[in-house]
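Note sheet for the following structure.
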Amino acid sequence: MDASHTPRATWRNTTHDWAGTVDVGHLTRIRRDPAAFAPSGTLHLVLEVVAYAADEAESRGGGHCRVTVRPDGSVAVVDDGRGTDTRLDERGETVKKPVMATKDLRFFDRADAPLLPDGHPRRGMSTVAALSTWLVHTNRRRNGSWTQRYEHGSPATGLQSVPDDGTTGTSVHFLPAEPLLPADSGTVRDLTRLAGSWPHLDVTVLGRDRR
């Protein structure tokens, strides 16, 4: 059902709590213990992002994701899904599901959280945002496209409209923060080795030393 123009308080929480936009305590907890929330370092952060693309691909019967390791050590993950849920509330204000700055109710602090392909528990996209110096989330949906920048997990901008290009999907581009190492050729090799872990998602890995 389309929840647009209905009271935000009536929206059902499935993966994140629509009532909040930023959980400062949650983000601070992650930043204080990067070894616990990114046990395999930058690789784990990338896998956290790709897992969301895999969820979307499974729900649609298939999908594609491109992971690019950039020369500056940042990583861009782009998928062809429906895009992050974005709605209009009863006041006509645009509200994006708070996937970056609040906890994923399905995984965070759950003893039964599924394991990612590196063998460590999935915690959610907020771990990526909190452990990144910056992160840019670009979203394309049938009802509009926008981008938003985060710094150490907190929004640095509001939602900024971008021109539609006829596609849908999500782009997450981030630079891991210290003490995590930037992505490198080793990250590319590990991602290539693990790319087939999701049966419904076709993953292409591009980056350093791919010759």
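Laboratory data are not the source of any read-out in this text; all were calculated from the coordinates shown. Please read these numbers as outputs of a predicted model, since none were measured by experiment. No Cβ is skipped: glycine too gets one built from the backbone with ideal geometry, and neighbour counts run over all protein chains shown.
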Practice problem: Give the share of C-alpha pairs in each 10 angstrom bin for the range 47-103, from 0 to the last occupied bin, in whole percents, shortest bins first. | Solution: 20, 40, 31, 9, 1
Exercise. Please give, to one decimal in nm, the separation of the simple spin-label points placed at Arg60 and Arg29, each 7 Å out from Cα toward the Cβ.
Key: 3.2 nm
Quiz prompt | Cα convex hull volume per residue for the chain (Å³) | solution = 127 Å³
Practice problem: Please list the non-local residues whose amide H lies under 5 Å from the amide H of Thr6, H modeled 1.01 Å from N, same-chain partners needing a gap of 5 or more. | Solution: Glu90
Self-check item: Extent along principal axes [Cα atoms of the range 1-93; Å; largest to smallest]
Solution: 43, 36, 23
Quiz item: Hey, what do the phi angles of the range 25-42 turn into as Karplus ³J(HN,Hα) couplings, whole Hz, using 6.51/-1.76/1.60 and θ = phi - 60°, x for Gly and Pro?
Solution: x, 4, 5, 5, 4, 5, 5, 6, 9, x, 5, 7, 9, 9, x, 9, x, 4
Exercise. Before rounding to the nearest 500, sum -39500 (n - 2.57) across all DSSP H runs of length at least 4 in the chain and divide by the residue total; then give [θ] at 222 nm in deg cm²/dmol.
Key: -6500 deg cm²/dmol
Exercise. Starting from the amide H of His64, placed 1.01 Å from N in the peptide plane, find each other amide H under 5 Å away whose residue is 5 or more places distant or on another chain.
Key: Asp80, Asp202
Quiz item: Considering the dipole of the range 20-206 built from charges on the beta carbon (Lys and Arg +1, Asp and Glu -1) around the Cα centre, which of Ser145, Leu116, Pro179 is farthest to its positive end?
Solution: Ser145
